[in-house]
Amino acid sequence: MFPIGGPVTEEDIVDREAFITTLEMRLAGGQSIVLVGPRRTGKTSLAHEVLRRLKKRGFYTATVDCFRLSNRRDLAQSLINSCLENRTGMRRTLDVLKSHAKALADTAKLAVKLEDLQVSVDLFHIDLDEATVLNYALDLPETIATRDGKNMVVMFDEFQDISQIAGDDIYKKMRSYFQNHRRVSYLFLGSKEGMMKTLFGNRREAFYRFATIFSIPPIPQEAWIEYISRKFAEQNLAVEEEAIRQILEITQGHPYNTMLLCSEIYYILLETAKSTITPGIIKIGFDRAMLSLAPIYEVIIEELGHRPVIRQVLRSIARGSKVYTGKVNPNEIKRAIDYLIAKGIIEKTGRGTYRFIEPMFGEYVRRELL
């Protein structure tokens with residue numbers, strides 16, 4: 001009932017209408033956008049909803065998930081497939097073209113749709129120069145939009161990761177193509193806010209001032225209360241406002257944490273044949289949610305390694321105490337803080353004060369590291 005683990009539908013996007021409208025208007029007007037925010041805060045859901053609305057208005061759309069790519073050829077083929085889907089209606093058009101299992105007549109019909117784009121099996125032969133394929137892919141959005149008399153919006157998810165699979169020079173190459181596109185707007189998503197702001201805000205970077213940067217705004221508590229009340233009411237389950245406020249106090253309105261905790265509470269009500277949320281049920285739901293999150297958090301801790309200063313900073317934030325102490329060199333603490341901010345684990349809330357971006361990770365730290 002409470003969606004977790006992937007992009008959500010329009011009905012489960014909480015209090016984002018004005019923000020979605022802003023993104024839609026700017027992209028439709030030809031402006032490129034950078035959307036930043038930590039993972040599991042709803043960036044991809046918002047982006048897909050914006051693309052859905054634009055597609056409904058007649059725009060071509062394309063999406064590339066940089067997190068799932070392995071090399072430049074993957075990048076090129078992902079972009080080409082997504083662009084061609086606007087013509088063919090097939091998610092993996094290139095696979096169909098290359099498949100010997102397809103009937104010759106079907107392949108011929110598909111080839112007719114793509115003839116003016118010079119798409120053929122030979123273009124994607126394994127021996128073909130990778131640079132040729134990538135150059136073709138980067139220019140395809142403008143080519144197909146121009147030839148079909150359409151405007152297009154292309155989304156890159158986890159854009160800051162693209163250099164890891166395509167090399168540091170990929171940004172210059174992409175910018176050299178994208179800056180000449182007149183019928184295409186770009187939507188860049190990134191979970192590492194510092195990296196994304198550097199990519200688009202540092203004059204030494206290739207994408208300097210190419211797009212306008214937006215951070216995802218927090219969801220107001222009253223919007224959460226309305227949404228959670230409605231979802232439980234749809235299942236004929238009673239929930240008092242005070243109970244919802246207790247849930248939000250635990251999750252601090254973090255989208256994924258809130259959805260997960262509400263989902264666990266819902267299944268507890270079903271299992272126990274109860275229809276009212278009590279503090280006891282909230283506690284059990286919280287413990288279950290923590291169990292499901294523990295493997296994810298274990299990986300985060302392992303990736304941080306056994307660096308004492310980083311762990312000390314985590315413990316200090318979890319306790320609510322000062323991170324700077326006289327026992328450790330302030331420069332070492334600052335480096336640890338900068339690292340945790342870059343990793344999207346903590347954020348600054350004031351001078352010398354920080355908090356965990358994902359509140360339930362803070363609880364995990366309190367349980368495991370204190």
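The values are calculated or read from the model by the stated rules, or taken from the named source; none is laboratory data. Note that the structure is a prediction, hence the values are computed from the model and not measured. Ideal geometry is used to build each Cβ from the backbone, glycine not excepted, and the neighbour counts take in all protein chains shown. Quick note on the areas: whole protein, heavy atoms, side chains included, nothing else; ligands and nucleic acids left out. Shrake-Rupley method; radii C 1.70, N 1.55, O 1.52, S 1.80 Å.
Listed conditions (1) of a type outside the set (A, V, I, L, M, F, W, C); (2) open to solvent by 30 Å² or more (accessible area, probe 1.4 Å); (3) within 22 Å of the chain's Cα centre (by Cα) are all met by Glu158, apart from (2). Applying a threshold of 8 Å to beta carbon distances and a minimum spacing of six or more residues, or different chains, the list of pairs starting in region 257-275 at a residue that is touching a residue at least 24 places away in the same chain (Cβ under 8 Å) and of a type outside the set (S, T, N, Q) and ending at one that is buried (at least 24 other Cβ atoms within 10 Å of the Cβ) and part of a loop (DSSP other than H, G, I, E, B) reads Leu269/Ile277.
Evaluation of Ile165 against the conditions (1) assigned to a helix (DSSP H, G or I); (2) surrounded by 21 or more Cβ atoms within 10 Å (Cβ to Cβ) shows that the sole unmet condition is (2). Among the helices (runs of 4 or more DSSP H) confined to region 302-370, there are none with at least 1 residues that are touching a Pro at 6+ places or on another chain (Cβ under 9 Å), open to solvent by less than 30 Å² (accessible area, probe 1.4 Å) and of a type in the set (Gly, Ala, Ser). Flag set for Phe210, criterion: aromatic (Phe, Trp, Tyr), surrounded by 14 or more Cβ atoms within 10 Å (Cβ to Cβ), within 23 Å of Ala47 (Cα to Cα) and touching a Ser or Thr at 6+ places or on another chain (Cβ under 7 Å).
Suppose the filter is open to solvent by 50 Å² or more (accessible area, probe 1.4 Å) and of a type in the set (Phe, Trp, Tyr); does Tyr186 pass it?
It is false that Tyr186 is open to solvent by 50 Å² or more (accessible area, probe 1.4 Å) and of a type in the set (Phe, Trp, Tyr).
Taking the conditions (1) in a strand (DSSP E or B); (2) more than 23 Å from Gly37 (Cβ to Cβ) in turn, Lys173 satisfies each one other than (1).
Among the residues here, Leu260 does not qualify as assigned to a helix (DSSP H, G or I) and surrounded by fewer than 13 Cβ atoms within 10 Å (Cβ to Cβ).
Arg230 meets all of the listed conditions (1) more than 30 Å from Tyr171 (Cα to Cα); (2) part of a loop (DSSP other than H, G, I, E, B); (3) open to solvent by 50 Å² or more (accessible area, probe 1.4 Å); (4) at pLDDT 90 or above but one, namely (2).
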